[in-house]
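Notes for the one structure printed next.
The values are calculated or read from the model by the stated rules, or taken from the named source; none is laboratory data. Model, not experiment: these values are computed from the prediction. Virtual Cβ from ideal backbone geometry, glycine too; neighbours counted across all protein chains shown.
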Amino acid sequence: MIVVSDTSPITNLAAIGKLDLLHQLYTNIVIPVAVYTEMVGVDKFVPGAVEVQTLPWITTQTVANAQSVVDIQASQDNIDLGEAEAIILALELKADLLLMDERRGRALAANYGLSVTGLLGVLLQAKRNGLIRAVKPVIDELIEEADFRVGSQLYAIVLQTAGE
């Protein structure tokens, strides 16, 4: 299974010490260079920065068609470089799944025919696979520790889906 990730799922799970859920669910994660740079190439601490540099199951790959990334950014408002590269890399690798939380990026990825899920979808899958007992405490920890933002309506839908 080929899984490409944007920054948010990695940084948020790393912030609460649950990054290994991605490894347990998907075995390997591929990130584009822009995502790596967003995490490692900044002057502040970013959760997951050390992990993307050291964990063998997270690999960084350069987008082959850089012009496609430029085209996406030129034609789409509010799609950052990491999102654009993640979408193009997922297309190039014919990825089975793209992990992305940002609404605009997810919508664009879906328009390209990509299968997309966000961090909340990852948590639901982790519960279905028996990797976590409950989704609610993990979401609450993400909100408190990682400043993860989730609207009250989506929060309720996810908990209902999880049977909690």
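The criterion of at least 2 residues that are surrounded by 21 or more Cβ atoms within 10 Å (Cβ to Cβ) is met by the following helices (runs of 4 or more DSSP H) wholly inside segment 74-164: 81-93, 103-111, 119-128, 136-146. Pairing residues of segment 17-33 that are outside the structural domain of residue 143 (by TED's automatic domain parsing) with residues that are among the aromatic types (Phe, Trp, Tyr) and modelled with pLDDT of 95 or more, at Cβ distances under 8 Å and at least 6 apart in sequence or on separate chains, gives 23/57; 27/57; 28/57; 29/57. You will find that of 147, 101, 140, 80, the residue that is under 17 Å from residue 8 (Cα atoms) and at pLDDT 95 or above is 140 and no other.
Taken over segment 4-39, the residue count meeting the criterion of being more than 16 Å from residue 85 (Cα to Cα) and among the hydrophobic types (A, V, I, L, M, F, W, C) is 8. Among the numbered conditions (1) touching an Asp or Glu at 6+ places or on another chain (Cβ under 8 Å); (2) without any contact (Cβ under 8 Å) to a residue 24 or more places away in the chain; (3) among the charged types (D, E, K, R), the only one that residue 133 does not meet is (1).
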